[in-house]
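Single-structure report; data block below.
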Amino acid sequence: MVALLAGTLNAVPVSAGSTPADPSDQSLRALSARHGLYFGTAVDMAALDDANDPQYRQLVQSQFNSVTAENVMKWESLEPTRGNYNWGPADKLIEFAKKNNQKVRGHVLVWQNQLPPWLTEGVNNGTISTTELRELLRKHITTVVKRYKGKIWQWDVVNEAASDPWDNPPTIHLKGFWAQHLGAGYIADAFRWARAADPSALLFYNDYNLEAFGDKGASDKTWYVYKMVKQLRQSGVPIDGLGSQGHLGTQYGNYNVFQVKEALDAFSDLGLATAFTEVDVRSQMTPGVQAGDSNEINPRLQASSDNYSVLLQACLANRHCLSYTVWGFADNHSWVPTWFSNPPEGLATLYDESYQPKRAFYAVKGDLIFSGPPYVQPRIPQHPKR
Ligand code: XIL
């Protein structure tokens, strides 16, 4: 029975005869479906709507079965002036996803970045008190989650709450606007408010640099987040998942697949679903790279490809890893060149600037094709916990 079930779920689409269809012709979404996995991308709504850039939309539709709003569900976009909501672009993405039979990851409810100025300025100049701030957060979460009730698969409820070892102090701690003004309790509150507003969405804590454990000391961010979510679950807070963003760079050592799997397994052993939520692997755009020197470009493309693979293989090997989302899929629509400009970085996505698939694209495709039992089994469906 078990073998039969696994066989069914892993079925390779079969063409007219009895030989399997050529897998190299299939999309990332079709190949992921074999594993019960969702292959997602962040979507830039301006690019999706750009009639002069039809390939962008075409690839979002054809290659991906999950979408995340790159920006339009952030607080500054949804409520640019107090009390006036701008739902248009977010609604559009939800409709687009429905039409294309895609899941939606909701991003993001609570984060210290991309907050509307009326909120941060109001707090800074004392016109918004702490009591009012907490109430505004409750209202924000409730309003947004209710609006999209039943339409969001996974919500990033709290994003990037933990500090980094390069911060001062290097001991990992809760950082940023919300912790400063509301104290640590805002995290549990946020999950409870989100659950009350949509009991069927999976609720995630999402952060970067969680790919692997370090020395499990005071400056090990993965270890800190692991202990934090464990504590949340033990206290009955309705958290269902751990989102590992997966923003990597080829200039760093990064991790091997077993280290990454170990971290995912640790989180799923707590009863959580896992997901890679923002994968990209950037490189430094040295003068040689910019001049088109293949001696400098090729090793970067290879290293980027390897890291995409490491994260995907680890995800495939963890049956609770529900989705693998890239943070943009083409170098002409990647946040990397804008955000990492000194020194300049780029080459971070699966397709180049003219939508030609790069080595990383073929690597993830190969990983989806050439994996299966016994080490890769279908996903275990996850449901909201409590
Ligand atoms: C980034 C977007 O890609 C940019 O367009 C925007 O200007 C800034 O935010 N972690 C997150 C994402 O959780 O929301 C960020 O997205 C990238 C880092």
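Below is a table of values for the structure above.
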quantity	calculated
Close pairs (8 angstrom Cβ cut-off, 6 or more residues apart or separate chains): without any contact (Cβ under 8 Å) to a residue 60 or more places away in the chain in region 277-292, assigned to a helix (DSSP H, G or I) and of a type in the set (S, T, N, Q) anywhere	288/295
Helices (runs of 4 or more DSSP H) wholly inside region 106-203 that include at least 2 residues being acidic (Asp, Glu) and loosely packed, with under 15 Cβ neighbours inside 10 Å	130-147
Conditions (1) within 16 Å of the ligand (Cβ to nearest atom); (2) in contact with a strand residue (DSSP E or B) (Cβ under 6 Å, 6 or more places away or on another chain); (3) not aromatic (Phe, Trp, Tyr): number failed by residue 321	(1)
Within region 204-222, considering residues that are within 16 Å of the ligand (Cβ to nearest atom) and assigned to a loop (DSSP other than H, G, I, E, B), the one surrounded by the most Cβ atoms within 10 Å (Cβ to Cβ)	210
Filter pass, residue 263 being under 19 Å from residue 240 (Cα atoms), crowded, with 22+ Cβ neighbours inside 10 Å, more than 14 Å from the chain's Cα centre (by Cα) and away from the ligand (no atom under 16 Å from the Cβ)	yes
Residues that are under 13 Å from residue 264 (Cβ atoms), out of contact with any helix residue (DSSP H, G or I) (no Cβ under 6 Å at 6 or more places or on another chain) and without any contact (Cβ under 8 Å) to a residue 60 or more places away in the chain, drawn from region 230-243	none
Residue in region 271-283 that is at pLDDT 95 or above, away from the ligand (no atom under 16 Å from the Cβ), within 27 Å of residue 367 (Cβ to Cβ) and aliphatic (A, V, I, L, M) present	yes
First in region 105-132 and without any contact (Cβ under 8 Å) to a residue 60 or more places away in the chain, second anywhere and β-branched (Val, Ile, Thr) and assigned to a loop (DSSP other than H, G, I, E, B), Cβ under 6 Å, 6 or more apart	122/128
Extreme residue, nearest to the chain's Cα centre (by Cα), among residues of region 54-86 that are in a loop (DSSP other than H, G, I, E, B) and crowded, with 17+ Cβ neighbours inside 10 Å	70
Residue within region 241-254 that is more than 16 Å from the ligand (Cβ to nearest atom), surrounded by 21 or more Cβ atoms within 10 Å (Cβ to Cβ) and not in a helix (DSSP H, G or I) present	yes
Odd one out for residue 50 among (1) of a type in the set (Asp, Glu); (2) part of a loop (DSSP other than H, G, I, E, B); (3) more than 16 Å from the ligand (Cβ to nearest atom)	(3)
Residue ID - farthest from the ligand (Cβ to nearest atom), chosen from residues in region 87-105 that are in a loop (DSSP other than H, G, I, E, B) and surrounded by fewer than 16 Cβ atoms within 10 Å (Cβ to Cβ)	101
Residue 36 touching a residue at least 24 places away in the same chain (Cβ under 8 Å), farther than 24 Å from residue 191 by Cα, in a loop (DSSP other than H, G, I, E, B) and not hydrophobic (A, V, I, L, M, F, W, C)	yes
Residue in region 354-361 that is under 16 Å from residue 36 (Cβ atoms), modelled with pLDDT of 95 or more and away from the ligand (no atom under 16 Å from the Cβ) present	no
Some residue of region 247-255 being under 20 Å from the mean Cα position of the chain (by Cα) and of a type in the set (A, V, I, L, M, F, W, C)	yes
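The values are calculated or read from the model by the stated rules, or taken from the named source; none is laboratory data. The structure displayed is predicted, hence computed values, not measured ones. Cβ atoms come from the backbone with ideal geometry, glycine included; neighbour counts cover every protein chain shown.
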